[in-house]
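Undergrad: Please find one structure pasted underneath; my questions will follow.
Each reported figure results from applying straightforward, stated rules to the coordinates on display, with no laboratory input. Here the structure is a predicted model, which means the values were calculated and not measured. All Cβ positions, even for glycine, are placed from backbone atoms using ideal geometry, and neighbour counts span all protein chains on display.
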């Protein structure tokens with residue numbers, strides 16, 4: 001699995017939520033004052049390739065996290081050894097309540113940055129729809145050969161024929177068919193965060209989605 005450079009793409013802006021929010025963060029403060037048990041997916045940009053370490057810290061707080069991995073062979077002291085590594089070294093998904101993700105950003109200041117977006121009320125954590133996250137996980141953790149990962153998302157990944165996979169190892173995935181190096185491949189994205197491209201999928205396994 002590889003993460004190629006894809007020129008022309010721009011990542012969503014990510015911002016560090018301050019411990020003492022200025023007036024534009026009053027929306028977040030008001031939400032925190034009203035606890036909710038609803039858990040949703042969010043994304044962290046992790047510094048210094050410490051994804052495994054941050055995931056362990058979250059596990060101790062009973063918070064679910066996810067990041068796609070691959071097994072690579074490395075040579076240490078003249079011996080070959082298999083190691084598990086993230087395919088996108090700086091990305092970690094976290095499933096928790098809004099209050100929990102803001103608290104984790106505060107606790108992990110200088111180690112992670114929370115993906116956010118702007119609303120009329122101000123800047124808030126970017127919530128990832130559960131079905132979108134599950135489709136990405138289905139492809140990213142399929143173990144199939146030929147997957148390519150992108151540590152960003154751009155509009156080009158959302159152009160082409162919109163399809164649903166109805167057969168084969170990627171059954172249930174949805175995305176856009178794009179031509180890459182003379183081959184048609186399916187792009188599945190987490191909007192504003194990242195994307196994964198599959199290997200070739202037979203047309204008989206694809207169903208067009210009429211937008």
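Undergrad: Can you give me the relative contact order of the stretch 56-199 as a percent, contacts being Cα pairs under 8 Å and 6 or more apart? Display every interim value, and only then the final one.
TA: Values: 205 pairs, mean separation 25.6, N = 144.
About 18 percent, as a whole number.
Undergrad: Can you pull the semi-axes for the stretch 23-128, root of five times each eigenvalue of the Cα gyration tensor, sorted largest first, whole Å? Write down the numbers at each step before the final one.
TA: Numbers: eigenvalues 212, 34, 25 Å².
Over the Cα atoms of the stretch 23-128, the ellipsoid semi-axes are 33, 13, 11 Å.
Undergrad: Continuing with this model, one more query. Using the basic label-point model (7 angstrom from Cα toward the beta carbon), what is the residue 82 to residue 127 distance in nanometres?
TA: 4.0 nm
Undergrad: What is the Å³ per residue value for the convex hull set by the Cα atoms of the stretch 131-208? Could the numbers behind the result be given before it?
TA: Details: hull volume 6.5 nm³, N = 78.
So the per-residue hull volume is 83 Å³.
Undergrad: OK, next. At 0.36 nm per residue, and after removing the present C-alpha to C-alpha distance, how many nm does the segment from residue 109 to residue 71 gain when stretched out fully? Mind dumping the intermediate values first?
TA: On the way: separation 38, 0.36 × 38 = 13.68 nm, distance 2.96 nm.
Contour length minus Cα-Cα distance gives 10.7 nm.
Undergrad: With label points built 7 Å along Cα→Cβ from the Cα atoms of residue 200 and residue 141, find their separation and express it in nm.
TA: Here the answer is 2.9 nm between the modelled labels.
Undergrad: How do the peptides 153-165, 184-196, 40-52 rank, highest first, by the average count of neighbouring beta carbon atoms within 10 Å per residue? If you can, show how the numbers build up before the last one.
TA: Details: 153-165: 16.2, 184-196: 22.5, 40-52: 19.3.
Going from most to least packed, we get 184-196, 40-52, 153-165.
Undergrad: Relative contact order for the stretch 23-128 using alpha-carbon pairs under 8 Å, separation at least 6, rounded to a whole percent?
TA: Working: 165 pairs, mean separation 44.0, N = 106.
It comes to 41 percent, rounded to a whole number.
Undergrad: Taking R0 as 45 Å, what's the FRET efficiency between residue 48 and residue 210 from their Cβ-Cβ distance, rounded to 0.05?
TA: It comes out at approximately 0.50.
Undergrad: Now for a different question. Quick one: Cα centre-to-centre distance for the stretch 107-163 and the stretch 177-211, in angstrom?
TA: Going from one Cα centre to the other spans 15 Å.
Undergrad: Hey, rough spin-label estimate for residue 182 and residue 164, points 7 angstrom out along Cα→Cβ, what's it come to in nanometres?
TA: 3.4 nm
Undergrad: When 179, 135 are ordered from fewest to most other Cβ atoms inside 10 Å of their Cβ, what list results? All intermediate terms of the calculation are to be shown ahead of the outcome.
TA: Details: 179 9, 135 22.
Lowest to highest Cβ neighbour count: 179, 135.
Undergrad: Quote the relative contact order of the stretch 136-208 in percent (integer), defining contacts as alpha-carbon pairs under 8 Å separated by 6+ residues. Before the final figure, lay out the partial values.
TA: On the way: 146 pairs, mean separation 27.5, N = 73.
Contact order relative to length: 38 percent.
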